[in-house]
Every structure is written in C-alpha cells, then in structure tokens.
Amino acid sequence: MADMIKKIFNSEIKTTDTERVLEFCITTETKDRDGEVVKAEGGIFDNYTKNPVVLWAHDYQSLPVGKTTSLRRDNGKTIASVEFPKKDEYEYADIVYKLCKGGYLNTVSIGFIPLEAENGKTAKDASRTYTKWELLEFSIVPVPSNPDALVSARNAGVISL
C-alpha cells in the first residue's frame, strides 16, 4: 500500500437548511504550503463513502466527530456536507460543531493515498500535483496547509463573526 498523505486546508464552511449539517470545502487546487496541489477531479471516493467519517485532527483512535452526508466536486473544489451528532449523543462532537459554526475552527485536512502524481517542471509550478488519489478520511484541524479550504458560510456572508 502506498503511504498515506495528509493535506490541510482552510475550509469554507456553510450552514445548510438541515439542522446540525455544515458544508466544508475540503480541497482546492491551490498550491499549498508544501508547494503541492491536489486535483479535485482526481479524487476517488468509493471506499470513503462506505465509511464516511469526519475526524478530529486525524485521531484514528477516537470517535468521529461527524459523518459526511454528501460529497461533490465544484470548479476545482471538493465539497462535503457533514452531519454532527446531537449534544446528548456525543458532547465532544457538539463542541467541535459549535466551534466550526462560530468561526473558531476553520480548517480541514484530508488523509489520502496518492495514486498518480506529476512533478513540477519549473520553479513556478507546484512541486507535485496529485492527479489521482483515494480519500481515506478528512479531519477538522486547528492549523491548515492549504489556505483556501474554508468554512463556506462565513465567506458567503450567510453567517458573521
């Protein structure tokens, strides 16, 4: 099996019409702080959708803080809708939900297996572009690698700080 890679993005998070569901932009095709790009169209989600967990900070030993209810691509971005448990179901997940909704947590990170990649040819290019990759999970995290994966609602003016 190939090595797993984690890429962190600021995430656009939007509120939705469904209670306790937030929408996250989990990838963009912006060069990240590692000088790399993850192409949205290259994402393979088949196995992920069988177990659509959303973790806190890639902590594989703890319970998930949410589950992905939809996943789509839109103009070079990968967008996920995440349903969070109710407070009485899992208090820690409720804290993460409220911190995301309140604008205190704005970033996510994808854990993936690279399947195909291209190396950059010039100094202006990304050092590596992942053109095909398998999503294993994504996590809400406090510090990003890609500055463009943001909580969507704040940027759209749906919610304000």
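DSSP loop (so not H, G, I, E, B), at most 13 other Cβ within 10 Å: list which GluC sites (Glu not before Pro) in region 63-104 pass both filters. The partial results should precede the final answer.
Details: sites: Glu83, Glu89, Glu91; in loops: Glu89.
Sites meeting the loop and neighbour criteria: Glu89.
Here region 41-143 has 49 percent of its accessible surface on carbon and sulfur atoms, given a 1.4 Å probe and all protein chains in place. Each part reduced to its alpha carbon centroid, region 63-97 and region 30-53 end up 16 Å apart. Spin-label model, Lys98/Lys124: points 7 Å from Cα along the beta carbon direction are separated by 4.9 nm.
The values are calculated or read from the model by the stated rules, or taken from the named source; none is laboratory data. Remember, predicted model here, so these are calculated numbers, not experimental data. Cβ coordinates were reconstructed from backbone atoms using ideal geometry, including for glycine residues, and neighbour counts include every protein chain displayed. The protein model used for the area step is the full one, side chains on, heavy atoms only, and it has no ligands, DNA or RNA in it. Shrake-Rupley method; radii C 1.70, N 1.55, O 1.52, S 1.80 Å.
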